[in-house]
1. So how long is each side of the range 150-277 along the principal axes, counting just the alpha-carbon atoms, biggest first, in Å?
2. List every residue whose amide H lies under 5 Å from the amide H of Q234, counting only residues 5 or more places away in sequence or on a different chain, with H placed 1.01 Å from N in the peptide plane.
3. Tell me, C116, C45 in order of fewest to most beta-carbon neighbours within 10 Å?
4. So how do 123-134, 237-248, 197-208 stack up, highest first, on mean other-Cβ count within 10 Å?
5. ³J(HN,Hα) across the range 125-141 via Karplus (A = 6.51, B = -1.76, C = 1.60, θ = phi - 60°), whole Hz, x for Gly/Pro?
6. Kirkwood hydrodynamic radius, computed over distinct alpha-carbon pairs, for the range 86-129: how many Å, to one decimal?
7. Straight-line reach from K97: which lysines have Cα under 22 Å away, leaving out those fewer than 8 places along the same chain?
8. Can you tell me, using C-alpha contacts under 8 Å and at least 6 residues apart, the relative contact order of the range 150-277 as a whole percent?
Amino acid sequence: MITASTIGLGQIALCGEEIYWSELRPSESGRNVIVRRGANGEIQCLTPSGFNVRTRVHEYGGSSFLVVNGTVYFSNFIDQRLYCHQSDREPQAITPKAATRYADGVFDRQNNRIICVYEDHTDVTKEASNSLVGVELDGDHKIQLLVSGNDFYASPRLSPDGSRLAWLTWNHPNMPWDGTELWVGELKADGSLGNTQKIAGNLDESIFQPQWSPDGKLYFVSDRTGWWNIYRWQDENVEALTQMEAEFGQPQWNFGMSTYAFGSANQIICTYTQQGI
């Protein structure tokens, strides 16, 4: 039975020995907050009153915060701006006050910025546009356009050495479980993307959760056989890791969905569904 005291648990992030997660709190009018468990075991709610950690990109949202060296960056529900929150200070907005939204961010260490999905609603005569951008964390927090032109983007993921970016994209009328494309590009010295290439996917092939392994190989889930199985891209070739009548992917309603992770460069820990179990 769900009551007003029932807390919903969401996104998880790790930073050293600290664990961060989001909580949906019905007792606070459905506010989403970030909670941290410190290395000493102390649990603390970090999000001050008046802030609600939730993004509305693609309307369903998800993946609304990330942690960089103990600093939390999050989307605030009321104004959809990105905020920087250091534990000893009030959150500070780092994106303009405008009809724009941000989600699914990753930290680009080489350029000291957040690469994320960007949704622009400023032109009310048109449908909102999607793209991938880099938001600088220093100075005036400039926003650099990286990829645009398609209807939807998701899952920007940096290789361990920070030299390559992978992402998903798709167009109307497809939903992401119908057909998506997986692309990879090289990050140039000025932070822009070059040498972009499509790795997998089409109108009838759904790609889910691109992820770089610790040794720099790109993994992803594809339903090209009719089942969502795990694949690997290396040496310009795609190879199947699993060949099962099972689903290693899920319908991507939200950002940040995950069914596998790396225990090491040689081990994947995963879940799958088979015959409804």
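1. Computed over the range 150-277, the largest-to-smallest principal extents equal 49, 38, 25 Å.
2. E239
3. C45, C116
4. 197-208, 123-134, 237-248
5. Residue by residue, the range 125-141 yields 8, 10, 5, 4, 9, 10, 6, 10, 9, x, 10, 5, 9, 10, x, 8, 6 Hz.
6. Evaluated over the range 86-129, this radius sits at 12.6 Å.
7. Result set, ordered by chain and number: K126, K142.
8. Contact order relative to length: 17 percent.
Each reported figure results from applying straightforward, stated rules to the coordinates on display, with no laboratory input. Small disclaimer: the values here were computed from a predicted structure and weren't measured. Counting neighbours? That spans all protein chains shown, and the Cβs are built from the backbone with ideal geometry, glycine included.
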